[in-house]
Structure formats: structure tokens, C-alpha cells
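Okay, so here's the structure we're looking at.
The values are calculated or read from the model by the stated rules, or taken from the named source; none is laboratory data. Here the structure is a predicted model, which is why all the values come from computation and not from measurement. Here Cβ is always computed from backbone atoms with ideal geometry, including for glycine, and neighbour counts include all displayed protein chains.
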Amino acid sequence: MDTKQSTINVLMLPWLAHGHISPFLELAKKLSHRNFHIYLCSTPINLKSIKNRITENYSHSIELVEIHLSSLPELPPHYHTTNGLPTHLNSTLLTAFDMAIPNVSNIFKTLSLDLVIYDINQAWVPTIASLFNIPVVQFMTTGTTVASYSIHFIKNHGGVEFPFPEIKLREFHEKQYRDTLLSAVNHPQNKQDTPVNGKPSCNILLFNTFRELEGKYNDCLSVINEKKVVPVGPLVQDIVDEIEHSEIMQWLDKKDESGVLFYCK
């Protein structure tokens, strides 16, 4: 009897920002240890920044797949990323990414996929995946505290107090926050399309957090959003060469247990 475990092929589609691609890559590394084969898709300029982080240990299980955006006059290839992108071109990048939907659809068609893990600004992904009967999961590269507060605020329009009083905005900032949230939710590019087969597009949300840090917010978000919230973090880049970081390690060795706070932006 053949006991060899079948490989699960996963397409990862992070938003075109280094702060999103990095945790997606770290998640890909973790999944590769569980017999997953990962196709990590992004624009050439973004993939170039992470190529050297895919060491020989991962080269057989993580493949980089290029997505080519239309080179609009104001958006040349070196601007196919949020890194260094002028603020006034943010909406142009979103438009260019939406224009690449046929290219992404062709990737879905070409690869034999078992799952798609997608990011924000990609409301069209579940619809495309449903055409090929591929299940999808959304991965949020942030924590759940702000997400649970935001969704609670949207669903209750400020009429019901958030159950955790330590998270509270002053009245003036609350109005600004509400207006910003509602504007973002109602933006056409953030509208969630309905898959053609009528099935729920995504019932699982992955978050770059862990229960010891945000357990109660994970549970709150799962209830108010009616989706299962799965913490998969913290996802940070491994230290490849400890000698290079010896000064940091020596400094840490002098600190008491739980005496240092790690902040990652």
C-alpha cells in the first residue's frame, strides 16, 4: 500500500506591498513543512525583493509566479508595487491590478490548484476561483483587534458599544473613523462578488496573530463576522545568519524573561 502523502497545491496572492508579501512568504514556508506546494504570485518587481529569501530548503516547495500588469503611462513596471509608489498613484495601482484579472484567471486555469489564499483589494478572487471549483481562504496580514472593532462598528453603525472598553475612540475621532470605514466598504473595488455557484466565498479568515496576544478579539471577530478566525502567527522572517545578529543576541541575553517588547510594522 502506498502511504505517500499527496501534495496540496496552493496559490498565494498577496497584495502588492512588501508588508503583505513578507508574511505571505513566511506562511508559505510553514505550509511547505506540511506537504504543501506553494505558488506565490506577484509582480516581477515585488518577487525580485524576496527571491533571496527562498533558500535551497524551500526552492522545491515554493515557486514564484509572475503577474504582469498593464504598463499604464503613469505606472511603469517599477511602480507595480506600493514600495516607493507616489501616494496619488495608489488608486491607479488598484485599477491596474483589476485590469490583470484575465492574467490571474489564466494562472488559475493553468495550474492544478487545491486552494487559493488571497489578500485584501481582491474581491474578485472568489468569483474566479469558483469558476474552477477551487476553494478560497482569505489571509489578513494584520491582527484581530482593529479588525474586530472595525467590523463591529460597521455592523452596528456605532449604536452598540464594543464589548471591550479598553478599545475606545473619542467622539470626534470616532466620527472620522466611521466615515473612513464606510467609504472604504462602499468602494466598488472592495465589494465582495458573489461566486457563480452560489456557495459562500470564504468561511475562514487567517490572521497574522496568536491567541496569547489577541484571543478574545479572535473570538469576537469570529462571532460578529460569522466566519472562523484562525491565528497563524506571529509570522516574522527567520534569522538566517545568527553571527550577523550576534550583537542583538548578546543584548537580548542581558534582559530578563518577558523584559523586551518586539514591535514589527
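Could you tell me which numbered condition A129 fails, if it satisfies all but one of (1) touching a helix residue (DSSP H, G or I) at 6+ places or on another chain (Cβ under 7 Å); (2) free of Cβ contacts under 8 Å to residues at least 24 places away in the same chain?
Of the numbered conditions (1) touching a helix residue (DSSP H, G or I) at 6+ places or on another chain (Cβ under 7 Å); (2) free of Cβ contacts under 8 Å to residues at least 24 places away in the same chain, the odd one out for A129 is (2).
Starting from region 98-112, take each residue that is under 14 Å from S71 (Cα atoms) and list its partners that are in a helix (DSSP H, G or I), counting only C-beta distances under 8 angstrom and pairs at least six apart or across chains.
Between residues of region 98-112 that are under 14 Å from S71 (Cα atoms) and residues that are in a helix (DSSP H, G or I), the close pairs are D98/Q189.
Report yes if I45 is more than 17 Å from the chain's Cα centre (by Cα), hydrophobic (A, V, I, L, M, F, W, C) and assigned to a helix (DSSP H, G or I), otherwise no. Show your work before the answer.
Details: more than 17 Å from the chain's Cα centre (by Cα): yes; hydrophobic (A, V, I, L, M, F, W, C): yes; assigned to a helix (DSSP H, G or I): yes.
Yes: the conditions hold for I45.
Could you please find all residues in region 26-37 being closer than 14 Å to L206 by Cβ and in a helix (DSSP H, G or I)?
E26, L27, A28, K30, L31
Looking at G159, G143, can you tell me which residue is touching a residue at least 12 places away in the same chain (Cβ under 8 Å) and assigned to a loop (DSSP other than H, G, I, E, B)? Full working, then the answer.
Details: G159 fails: touching a residue at least 12 places away in the same chain (Cβ under 8 Å).
Residue meeting the stated conditions: G143.
Being out of contact with any helix residue (DSSP H, G or I) (no Cβ under 9 Å at 6 or more places or on another chain) and of a type in the set (A, V, I, L, M, F, W, C) is the filter; apply it to region 98-114 and report the residue that is surrounded by the fewest Cβ atoms within 10 Å (Cβ to Cβ).
Per the criteria, the residue is M99.
Free of Cβ contacts under 8 Å to residues at least 60 places away in the same chain and under 27 Å from L111 (Cα atoms): is that true of N46 in this structure? Steps first, please.
Details: free of Cβ contacts under 8 Å to residues at least 60 places away in the same chain: yes; under 27 Å from L111 (Cα atoms): yes.
Against the criterion (free of Cβ contacts under 8 Å to residues at least 60 places away in the same chain and under 27 Å from L111 (Cα atoms)), N46 qualifies.
Given L213, L221, L206, which one is closer than 30 Å to S22 by Cα, in a strand (DSSP E or B) and at pLDDT 75 or above?
Working: L213 fails: in a strand (DSSP E or B); L221 fails: in a strand (DSSP E or B).
The unique qualifying residue is L206.
Please enumerate the residues belonging to region 68-97 that are of a type in the set (A, V, I, L, M) and either surrounded by fewer than 19 Cβ atoms within 10 Å (Cβ to Cβ) or outside any loop (DSSP other than H, G, I, E, B) (or both). Explain how you work it out, then say what you get.
Going residue by residue through region 68-97, those that are of a type in the set (A, V, I, L, M) are 69, 72, 75, 85, 89, 93-94, 96.
Scanning region 68-97 gives L72, L75, L85, L89, L93, L94, A96.
Let's see how each residue does on (1) touching a Pro at 6+ places or on another chain (Cβ under 7 Å); (2) modelled with pLDDT of 85 or more; (3) surrounded by fewer than 15 Cβ atoms within 10 Å (Cβ to Cβ); (4) not basic (K, R):
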| position | (1), (2), (3), (4) |
| --- | --- |
| I151 | no, yes, no, yes |
| K155 | no, no, yes, no |
| L182 | no, no, yes, yes |
| E226 | no, yes, yes, yes |
| I243 | no, no, yes, yes |
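Among the numbered criteria (1) within 19 Å of the chain's Cα centre (by Cα); (2) basic (K, R); (3) modelled with pLDDT under 75, which single criterion is violated by K199?
Only one criterion is unmet by K199, namely (1).
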